[in-house]
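Shown next, in structure tokens, is the structure this report addresses.
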Amino acid sequence: MKKIFVLIIFCLSFSTFYAQESDELLKKLVEKNVLTQSEADEIKKEAANKEQKATLPQKVEKVRQAFNTPYMQFGGNGQFMYRYSDVDKIHNDFKAKNLFISVSGKLNDSFRYGFLLEMVNPSVQEFWGEWTAAKEFNFKVGQFKSPFTLESQYVPATLETAAYSRTISNLVGYAGEDDVLKKQNNKNNFGRDAGAMISGELFPMEKHNLLQYSAGVFQGTGVTTGETNNAKDFAGMLLLQPVQGLRVGGGVYFGQASYAKAGETVISDHVRDRWYVSADYKSERFNARAEWINGNDGGIEKEGVYAMGLYYLVPKKLNALLKADYYNRNKDINSEVIDYTVGINYYFYPQCRVQLNYTYSDYSNKWDAQNSNVVIAQLQIAF
């Protein structure tokens with residue numbers, strides 16, 4: 001019994017202190033005749049065997065804990081992509097797509113901070129501080145994702161597909177060919193902007209909160225881009241969660257952007273307004289999401305809607321998905337396209353995966369583009 005008790009104490013000490021300190025502890029126990037030398041050697045051997053049998057995730061987690069504290073945590077992720085298109089001039093393309101490096105933490109129980117850098121096309125994506133009075137009220141200021149649709153809140157490392165929906169890429173401030181923010185600053189803004197936002201969760205239920213809200217004032221120019229006019233943009237989202245895992249709601253975005261419209265050379269301010277309805281559902285093995293967005297860019301009415309369903313064939317390891325995405329870049333003439341995507345995600349390690357997507361794009365005559373077949377294979381590494 002004495003030996004078992006000492007072994008438990010030693011194993012706890014071994015996981016906390018360095019090996020040299022553990023050896024000193026055993027030495028003192030032998031000197032005080034609590035253990036014999038042979039018993040001490042046996043304990044060291046058993047502890048070493050236990051350490052060797054630790055799984056790779058457990059070993060990596062120990063390294064992570066050695067470098068991270070609640071006050072400062074380091075992380076990162078990157079995607080390396082192969083892309084095949086049967087209509088592009090260059091059919092096959094290998095490239096590093098994204099590489100994000102992050103630092104985040106908390107100074108106390110009420111104040112958090114975060115920084116995020118993108119290294120492939122170098123830019124400061126995030127720089128913010130957040131004060132939390134309670135779960136019902138948070139105040140955030142800096143550069144971060146605006147509360148503008150559900151899919152936009154995902155980062156590339158958590159997005160189910162290898163690319164954002166065309167609807168999101170063009171109407172929410174990413175790098176779509178029709179995105180007016182891309183025209184304004186020639187950057188992939190990943191749905192981020194500089195501003196101030198309040199958010200929170202209200203009306204607690206048995207296992208979740210009924211209402212989630214967020215609203216903020218933003219510059220409207222994208223990441224690391226100075227103001228171009230005397231107006232500020234407003235973004236807001238309201239979500240109801242009637243049952244755990246199911247959210248329904250929507251939001252608005254009212255603002256301006258400065259760019260030259262098609263056929264013009266003069267850069268001027270144009271209205272950039274959005275209305276959207278969103279819904280998603282998450283369970284252990286099945287996820288689904290759908291959103292409809294209506295936009296007005298300088299008097300041109302635009303519309304997009306997508307729906308996605310995903311099922312885990314092997315829990316936490318392998319999933320398959322289907323996605324349909326309709327986008328109309330000019331409702332007056334119905335310049336529209338529908339993207340149909342099938343894909344799989346295989347997680348070979350937590351947050352690390354291989355993705356395979358096939359997308360067939362069906363363009364209308366008004367879009368003036370060939371129907372296309374695109375295959376994307378993507379390797380993601382995260383730490």
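Overview of results
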| quantity | calculated |
| --- | --- |
| Among residues of segment 360-372, those that are under 28 Å from ASN98 (Cβ atoms) and open to solvent by less than 50 Å² (accessible area, probe 1.4 Å), counted | 5 |
| Total residues in segment 94-143, condition in contact with a Lys or Arg (Cβ under 9 Å, 6 or more places away or on another chain) and outside any strand (DSSP E or B) | 2 |
| Residue match in segment 110-119 (condition: farther than 30 Å from VAL375 by Cβ and hydroxyl-bearing (Ser, Thr, Tyr)) | yes |
| Residue satisfying condition, being assigned to a strand (DSSP E or B), β-branched (Val, Ile, Thr) and out of contact with any Gly (no Cβ under 6 Å at 6 or more places or on another chain), within set ILE198, ILE168 | ILE198 |
| Residue satisfying all of: in segment 241-289; open to solvent by less than 50 Å² (accessible area, probe 1.4 Å), of a type in the set (A, V, I, L, M, F, W, C) and under 20 Å from the mean Cα position of the chain (by Cα); farthest from LYS302 (Cα to Cα) among these | ALA288 |
| Any hit, segment 174-192, residues being touching a residue at least 12 places away in the same chain (Cβ under 8 Å), closer than 17 Å to ARG272 by Cβ, assigned to a strand (DSSP E or B) and in the same structural domain as ASN77 (by the TED database) | yes |
| Selection within segment 261-278 - in contact with a strand residue (DSSP E or B) (Cβ under 8 Å, 6 or more places away or on another chain) and either in contact (Cβ under 8 Å) with a residue 40 or more places away in the chain or among the acidic types (Asp, Glu) (or both) | ASP269, HIS270, ARG272, ASP273, ARG274, TYR276, SER278 |
| From the options GLY105, GLY78, residue that is at pLDDT 65 or above and in contact with a Phe, Trp or Tyr (Cβ under 6 Å, 6 or more places away or on another chain) | GLY105 |
| Meets criteria (part of a loop (DSSP other than H, G, I, E, B) and either at pLDDT 95 or above or not basic (Lys, Arg) (or both)) for VAL87 | yes |
| Identity of the residue in segment 144-164, within 20 Å of GLN79 (Cα to Cα) and among the β-branched types (Val, Ile, Thr), that ends up least open to solvent (accessible area, probe 1.4 Å) | THR161 |
| Residue check for GLN125: in the same structural domain as ALA279 (by the TED database) and open to solvent by less than 20 Å² (accessible area, probe 1.4 Å) | yes |
| Residue in segment 214-233 that is nearest to LEU117 (Cα to Cα), counting only those that are in contact with an Asp or Glu (Cβ under 8 Å, 6 or more places away or on another chain) and of a type outside the set (A, V, I, L, M, F, W, C) | GLY222 |
| Hits in segment 118-174 (condition: under 23 Å from GLY220 (Cβ atoms) and of a type in the set (Ser, Thr, Tyr)) | SER123, SER146, THR149, SER152, TYR154, TYR164, SER165, THR167, SER169, TYR174 |
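The values are calculated or read from the model by the stated rules, or taken from the named source; none is laboratory data. Since we're looking at a predicted model, the values are computed, not measured. Every residue, glycine as well, gets a Cβ built from its backbone with ideal geometry; the counts of neighbours run over all protein chains shown. Note: areas computed on protein heavy atoms with side chains; ligands, DNA, RNA excluded. Shrake-Rupley method; radii C 1.70, N 1.55, O 1.52, S 1.80 Å.
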